[in-house]
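Visitor: So that we are looking at the same thing, I have put the structure below in structure tokens.
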Amino acid sequence: MDITLILKIAGLGLGLWAVQEILKNSGMGKAADYVGIAGTLVVVMIMVNEIMGFFTTVQTFFTF
């Protein structure tokens, strides 16, 4: 696992937190909820991509 993956997810979380706070303070709570859901989906997609890469590496390692 690379440190850039951790920094990418942390940066995304920080950015989404800021956007959610701005939207909540503007009275747009429902939009802030949608931003949180979208951010969660992006992080899940990043993680699925990394897991697929891991399984490909394991499959290559055990292929004779």
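The values are calculated or read from the model by the stated rules, or taken from the named source; none is laboratory data. Computed from a predicted structure; not experimentally measured. Ideal geometry is used to build each Cβ from the backbone, glycine not excepted, and the neighbour counts take in all protein chains shown. With ligands, DNA and RNA removed, areas are computed over all heavy atoms of the protein, side chains included. Shrake-Rupley method; radii C 1.70, N 1.55, O 1.52, S 1.80 Å.
Visitor: Search segment 9-22 for residues being within 13 Å of the chain's Cα centre (by Cα) and open to solvent by 70 Å² or more (accessible area, probe 1.4 Å), and hand back the single one that is farthest from E50 (Cα to Cα).
Guide: Filtering segment 9-22 for residues that are within 13 Å of the chain's Cα centre (by Cα) and open to solvent by 70 Å² or more (accessible area, probe 1.4 Å), the one farthest from E50 (Cα to Cα) comes out as W17.
Visitor: Can you report the number of residues in segment 37-46 which are closer than 16 Å to G11 by Cβ and either loosely packed, with under 10 Cβ neighbours inside 10 Å or among the aliphatic types (A, V, I, L, M) (or both)?
Guide: Residues of segment 37-46 that are closer than 16 Å to G11 by Cβ, as a first pass: 38-40, 42-43, 45-46.
Filter once more, keeping what is either loosely packed, with under 10 Cβ neighbours inside 10 Å or among the aliphatic types (A, V, I, L, M) (or both): 38, 42-43, 45-46.
Count: 5.
Visitor: Just to be sure, is I6 on the phi < 0 side of the Ramachandran plot, exposed (fewer than 12 other Cβ atoms within 10 Å of the Cβ), under 11 Å from the mean Cα position of the chain (by Cα) and modelled with pLDDT under 95? Let's see the steps before the verdict.
Guide: Numbers: on the phi < 0 side of the Ramachandran plot: yes; exposed (fewer than 12 other Cβ atoms within 10 Å of the Cβ): yes; under 11 Å from the mean Cα position of the chain (by Cα): yes; modelled with pLDDT under 95: yes.
When the stated conditions are applied, I6 passes them.
Visitor: Looking at segment 45-58, I want the residues that are aliphatic (A, V, I, L, M) and have a partner that is open to solvent by less than 90 Å² (accessible area, probe 1.4 Å) with Cβ atoms under 9 Å, at least 6 apart or on another chain. Which pairs are those?
Guide: Close Cβ pairs satisfying both conditions: I46/L5; I46/I9; I46/L12; M47/L5; M47/I9.
Visitor: A further question follows. Go over the candidates N49, N25 one by one and state the one that is surrounded by 10 or more Cβ atoms within 10 Å (Cβ to Cβ), farther than 16 Å from L5 by Cβ and polar (S, T, N, Q). First the steps, then the outcome.
Guide: Working: N49 fails: farther than 16 Å from L5 by Cβ.
Step by step, each of N49, N25 is checked, and only N25 is surrounded by 10 or more Cβ atoms within 10 Å (Cβ to Cβ), farther than 16 Å from L5 by Cβ and polar (S, T, N, Q).
Visitor: Quick check on M28: is it within 12 Å of the chain's Cα centre (by Cα), without any contact (Cβ under 8 Å) to a residue 24 or more places away in the chain and on the phi < 0 side of the Ramachandran plot? Step through it out loud before you land on a result.
Guide: Details: within 12 Å of the chain's Cα centre (by Cα): no; without any contact (Cβ under 8 Å) to a residue 24 or more places away in the chain: yes; on the phi < 0 side of the Ramachandran plot: yes.
No.
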